């Protein structure tokens with residue numbers, strides 16, 4: 001069957017590096033396999049019980065998978081030759097079945113799989129950009145746990161002397177706002193300052209401007225419009241100082257504006273992103289994250305961040321009347337939540353997909369699937 005696949009490939013004018021033909025007697029298998037992996041755009045795996053039982057084939061498969069865990073480049077192209085019990089990771093990769101096909105049907109199936117080109121939709125393109133700009137981003141620790149971290153590109157800070165004192169000053173203002181806000185102040189409003197202040201307790205290098213923006217922009221939405229909360233003069237002044245400090249802090253992160261531009265240029269259907277359509281996808285990720293945390297597969301930072309997303313979704317779930325004459329570039333709290341959650345879930349999905357120790361477990365696969373389903377659900381809100 002391998003010869004048949006190679007014949008079809010070369011019949012299309014492509015070149016092929018085949019084990020049965022290009023690895024002669026006496027060749028160093030590992031070295032030749034590495035040469036083939038580096039030089040090839042695709043790795044074609046021919047699934048069968050023998051393939052699954054072969055240590056060499058599994059090593060080659062793993063190398064191809066790790067080179068493109070999310071499948072974005074279609075580095076790994078599997079064909080099923082015979083019914084086979086695939087390992088958990090292989091089950092996540094879509095394969096083309098050749099079982100029971102005639103010679104002509106197999107040829108057509110092989111050509112279709114090789115020449116397949118996935119059309120990138122506007123929504124998918126936006127999701128990819130949001131994932132690249134995700135703040136916080138997702139990383140995998142040395143111990144193989146999923147964790148949050150500043151975005152390596154968009155969250156780089158320009159450190160100046162004033163940045164050494166601003167976080168502490170802002171923390172003090174957070175405490176004052178929480179302490180002196182009236183008892184009937186919405187819990188979400190106070191919660192934003194709790195999260196903001198807690199985050200600023202970290203070293204400057206660990207500050208995630210996207211998290212600060214999310215909390216302040218959500219809280220400040222309570223201060224404008226017909227439903228604006230009114231505070232006494234002292235607390236009003238405190239909030240003014242807080243806004244000034246926030247503006248000063250985030251100017252130390254130059255590429256933060258690129259993220260804001262992306263949010264401004266990606267409108268959503270505000271009337272559709274309500275109720276359970278908004279809350280359920282994020283809540284499903286929260287539940288999966290909590291289960292993964294019990295299995296020591298994600299850190300408390302991931303639990304806290306997803307919990308905050310779920311809480312904000314619950315607060316923003318009630319429908320609101322559309323604002324007339326509002327610019328399309330206005331980043332509402334709802335748009336911010338939908339788009340930043342989408343980017344974060346895309347990164348979470350990719351990280352789990354490249355972490356075999358997590359993906360090979362039931363809790364890991366549940367989180368992997370929940371992140372994908374939530375990202376797809378949120379993506380549908382993009383107009």
Gain in length, residue 149 to residue 296, computed as 0.36 nm per residue apart minus the alpha-carbon separation, to one decimal in nm? 51.2 nm
Mean Cα-pair separation over length for segment 45-167, i.e. relative contact order, pairs under 8 Å, 6 or more apart, %: 16
Rank these for me by crowding, 17, 368, going from fewest to most other beta carbons within 10 Å. 17, 368
Would you mind telling me which residue in 235, 337, 309 has the biggest mean-square fluctuation in a Gaussian network model of the chain, where springs connect alpha carbons within a distance under 10 angstrom? 235
Taking the convex hull of Cα positions in segment 155-258, its mean projected area over all directions (nm²): 6.5
Going by C-beta contacts inside 10 Å, put 47, 180, 65 in order with the fewest on the left. 180, 65, 47
What does the convex hull of the alpha-carbon atoms of segment 89-230 project to on average, in nm²? 15.5
Compute the distance in nm between two label points, each set 7 Å from the Cα along the Cα-to-Cβ direction, one at residue 245 and one at residue 280. 4.2
Mean Cα-pair separation over length for segment 117-260, i.e. relative contact order, pairs under 8 Å, 6 or more apart, %: 31
Cα centroid separation, segment 153-226 to segment 352-383 (Å): 29
If each residue's Cβ is checked for other Cβ atoms within 10 Å, how do 250, 268 rank with the fewest at the top? 250, 268
Express the relative contact order of the chain as a whole percentage, based on alpha carbon pairs under 8 Å and six or more residues apart in sequence. 19
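No value in this document is a laboratory result; all are computed from the given coordinates. Computed from a predicted model, the values in this text were never measured in an experiment. We place every Cβ from the backbone using ideal geometry, glycine too, and count neighbours over all the protein chains shown.
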